[in-house]
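The values are calculated or read from the model by the stated rules, or taken from the named source; none is laboratory data. Computed from a predicted structure; not experimentally measured. Ideal geometry is used to build each Cβ from the backbone, glycine not excepted, and the neighbour counts take in all protein chains shown. SASA here: full protein model, heavy atoms, side chains in, ligands and nucleic acids out. Shrake-Rupley method; radii C 1.70, N 1.55, O 1.52, S 1.80 Å.
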Amino acid sequence: MGKIIKISGPLIVADGMQDVKMYDVVKVSDKGLIGEVIELRGDKASIQVYEETSMLGTGENVESTEHPLSVELAPGLIGGIFDGIQRPLEDLKRQSGDRIDRGIAATAVDLKRKWKFEPTVKAGDEVEAGDVIGTVEENEVITHKIMIPYGLRGKIEKINKGEFTVEQTVAVVNDGKTKRDVCMLQRWPVRRGRPYKEKLAPSEPLITGQRVVDTLFPIARGGVAAVPGPFGSGKTVLQHALAKWSDADIIVYVGCGERGNEMTDVLNEFPELIDPKTNQPLMKRTVLIANTSDMPVAAREASIYTGITIAEYYRDMGYSVAIMADSTSRWAEALREMSGRLQEMPGEEGYPAYLGSRLAEFYERAGTVKILGNGERVGSVTAIGAVSPPGGDMSEPVSQATLRIVKVYWGLSSALAYKRHFPAIDWLVSYSLYGDRLADWFSANVDAQFNSYRAEISRLLQEEAKLEEIVRLVGMDALSPRDRLTMEAAKSVREDYLHQNSFHEIDTYTSLKKQFKMLTLIVDWYAQALRALDRGVDVDRILTLPCREQIGRAKYIEESSLARLDEIHAEMTEQIAQLKESE
């Protein structure tokens, strides 16, 4: 037990705390505010408080719980919405109404609800940490696997079957010395990554259904990506689209410091949107963590760690998990505020000198891993973080530190956003370092020509950027017929392929098969048009063919009618062939 001697916003300093450890959770004052020890000097502890500290006074008590900040991991997480320290917002609302009162305690999962436990092992089986001993149907989509906790190894003495709460014993394990009860509830410190056997090199993509992402800048399953962009460029909408349509089994969406209406959009949309894989609402494979801009600043830091720990827990069951952090800039601002109040030596623009290492700690917890336990099982966490540089200035510290860590950079452009080109991913500055590694997968699973077509449209966009300088100076008429064709082909790539409407019923998602067929239309039109031009066909006749409009509308063809794309290709070939004959 200590006493408050200083209060500075979300930071308090207490003395008489010689027995506490770094990152222990404490209860502050009689109100029971939740805080975390972030610095120790002698018997004085600096504590960041995750709730409003107004009306606190010096001399009030600070009591240590002697445990680090941890999350509760058990059936019942899926479909929930939590604050930054994993308190369910529905429970908080029931206790305090629309505005969250201070000092409210709530368990992350319902401790009274009973779940039907189906054992997958029998008495006498040898088990170790990570082994699945039974399953619970969390909902129609997710089967929750109950695992042996970390650090436990031995023989199953007893295994139960039936309905239990998460705290009731479902198995007894004899480790050779003592008998240990195993329940469905685990607790894990958020700042410590969950262990695994081995991290694997990424070998397959996370399919998102967004053409500019899957085709030009793919992200690997278990990879890390950054989505930086100025205000209004579509970061949040892009992350919503990735959360809706990526082929991850489970989505963890962390709204860190964003506006409340953006989280409201997620809450309103996800229960109504039907997952194409399961025909169930998307919310049935989603966990939401909301720490919006009007909630306590200090809790933003915890929200990121809470999200990644929940993602690792489902990874350890063998699932592919995608975590969306929106946005890491707001998280870094919380670090900057606490660093300033601790009077630490500031780094660039006032951010702490350890900003880069803290970002790296978060992103390195992503990856594809071999899971602990008997047998070969694999799970993955894919991390996608939005970055919100002030004024779109990519030279600021958070953007630069993030770029040194991530392998995929989807740079959003305000110029494209102003032109209403969404997703506003700038193809001239964005990149994916997974492209070459995933090339074999695309060749084997989509088409052998996919990678060459991808390279061709990248080349067309680069050529267009060079030719635009000439067009600005002397106009389109000064270009050669061949260059005019290149400009038209690049325009088709931009407007007919890369432009995608997240709110259109059909265009919001495009399968890889449809992406390849659309690519084939554009690339083959360009190749056949060039051959027609070499045979003396007038360029204006090529550009006014009826097939051009059909290519432009191909994105609105339903996934069940992809044969229509082959018909358009045949019509295009015939129309260009007739041109050649008429010359």
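Measuring only protein heavy atoms, the 1.4 Å probe finds residue 272 accessible over about 150 Å².
Take the Cα of residue 544, step 7 Å toward its Cβ, do the same at residue 120, and the gap between the two points is 6.6 nm.
Labels on offer are (i) -0.26, -1.20; (ii) -0.30, -1.25; (iii) -0.17, -1.14, and the one holding log10 I(q)/I(0) by the Debye sum over Cα atoms at q = 0.05, 0.12 Å⁻¹ computed from this structure is (i). Indicate the gyration tensor shape class of region 253-339 (rounded, prolate or oblate), computed on the Cα atoms with a ≥ b ≥ c the square roots of the eigenvalues: a/c under 1.5 is rounded; otherwise a/b larger than b/c is prolate and the rest oblate. The shape class here is oblate.
When a/c reaches 1.5 or more, the comparison of a/b and b/c decides; with that in mind, is region 36-187 rounded, prolate or oblate per its Cα gyration tensor? Oblate. A cut-off under 14 angstrom between Cβ atoms defines the neighbours of residue 188, and their net charge, with Lys, Arg +1 and Asp, Glu -1, is +3. In order along region 322-329, the Karplus-derived 3J(HN,Hα) couplings, from 6.51 cos²θ - 1.76 cosθ + 1.60 at θ = phi - 60°, round to 10, 10, 9, 10, 10, 9, 5, 5 Hz, and Gly and Pro are given as x.
In the chain, helices alone account for a calculated mean residue ellipticity at 222 nm of -10000 deg cm²/dmol, with every DSSP H run of four or more residues adding -39,500 (n - 2.57).
Carbon and sulfur atoms: what percent of the 1.4 Å accessible area of region 1-67 do they account for? The computed percentage sits at 48.
Between helix 299-315 and the chain there is an angle of about 80 degrees, using the helix long axis and the longest principal axis of the Cα atoms. At full extension, residue 1 and residue 23 could sit 6.3 nm farther apart than now, given 0.36 nm per residue minus the alpha carbon distance. For region 179-224, a crude dipole built from +1 on the beta carbon of Lys and Arg and -1 on the beta carbon of Asp and Glu, taken about the Cα centre, is about 440 debye to the nearest 20. Solvent exposure of the chain amounts to 42 Å² per residue of accessible area, where only protein heavy atoms count and the probe is 1.4 Å.
Dipole size of the chain about its Cα centre, with +1 on Lys/Arg Cβ and -1 on Asp/Glu Cβ: approximately 1120 debye, rounded to the nearest 20.
Here's how it looks for residue 71: its modeled amide H is under 5 Å from those of 188, 190, which are all 5 or more places away or on a different chain.
With 0.36 nm allotted per residue and the present C-alpha distance subtracted, the residue 534-residue 361 stretch has 56.6 nm of extension available. In this simple spin-label model, placing a label point 7 Å from the Cα along the Cα-to-Cβ direction at both residue 66 and residue 349 gives a separation of 4.4 nm.
What the Cβ-Cβ distance of residue 268 and residue 112 gives, at R0 = 25 Å and to the nearest 0.05, is a FRET efficiency of 0.30.
Scanning residues 5 or more positions from residue 120 or on other chains, those with amide H under 5 Å from its amide H are 134, 135, with H placed 1.01 Å from N in the peptide plane. Be a star and scan region 194-235 for residues whose amide nitrogen sits under 19 Å from the point 7 Å along the Cα-to-Cβ vector of residue 429. Hits in region 194-235 for residue 429 at 19 Å: 212-213, 216-218, 225-235. Ordering 380, 560, 8 by accessible surface, largest first, gives 560, 8, 380; the 1.4 Å probe counts only protein heavy atoms, with every chain in place. Pairs spanning more than 29 Å between alpha-carbon atoms, out of 235/284; 244/419; 122/177; 161/277: 161/277.
Near residue 198: Cβ cut-off under 12 Å, other residues only, Lys/Arg at +1 and Asp/Glu at -1. The net charge is +3.
Rounded to the nearest 0.05, what FRET efficiency do residue 167 and residue 507 have when you use their Cβ-Cβ distance and R0 = 35 Å? The value I calculate is 0.15. Residues of region 478-517 falling in the label zone of residue 419, defined by backbone nitrogen less than 15 Å from a point 7 Å along Cα to beta-carbon, are 487-500.
Shown here for region 22-131: trypsin sites (Lys or Arg not before Pro) in loop regions (DSSP other than H, G, I, E, B) with at most 10 other Cβ atoms within 10 Å, namely 99, 112, 122. Fully extending the segment from residue 491 to residue 160, taken as 0.36 nm per residue of separation minus the present Cα-Cα distance, adds 112.8 nm.
3J(HN,Hα) along region 122-135: 10, 4, x, 6, 7, 10, 9, 3, x, 5, 7, 9, x, 10 Hz, from the Karplus curve 6.51 cos²θ - 1.76 cosθ + 1.60 with θ = phi - 60°, whole Hz, x for Gly and Pro. Taking a point 7 Å from the Cα of residue 179 along the Cα-to-Cβ direction, the residues of region 109-141 with backbone N closer than 13 Å to it are 124. Once backbone amide H atoms are built at 1.01 Å from N, residue 60 has 4 as its partners under 5 Å, excluding neighbours fewer than 5 places away on the same chain.
Just the number, please: percent antiparallel of the DSSP beta bridges in the chain, rounded to the nearest 5. Bridges in the chain are about 70 percent antiparallel. Phi angles of region 15-23 translate, via the Karplus equation with coefficients 6.51, -1.76, 1.60 and θ = phi - 60°, into HN-Hα couplings of 9, x, 10, 5, 9, 7, 10, 4, 6 Hz per residue; Gly and Pro are given as x. Once the C-beta distance of residue 395 and residue 482 is scaled by a Förster radius of 51 Å, the resulting FRET efficiency is 0.85 to the nearest 0.05.
Rounded, prolate or oblate: pick one for region 373-447, where a ≥ b ≥ c are the square roots of the eigenvalues of its C-alpha gyration tensor, a/c under 1.5 means rounded, and failing that, prolate if a/b is larger than b/c, else oblate. Because a/c hits 1.5 or more and a/b fails to exceed b/c, region 373-447 counts as oblate.
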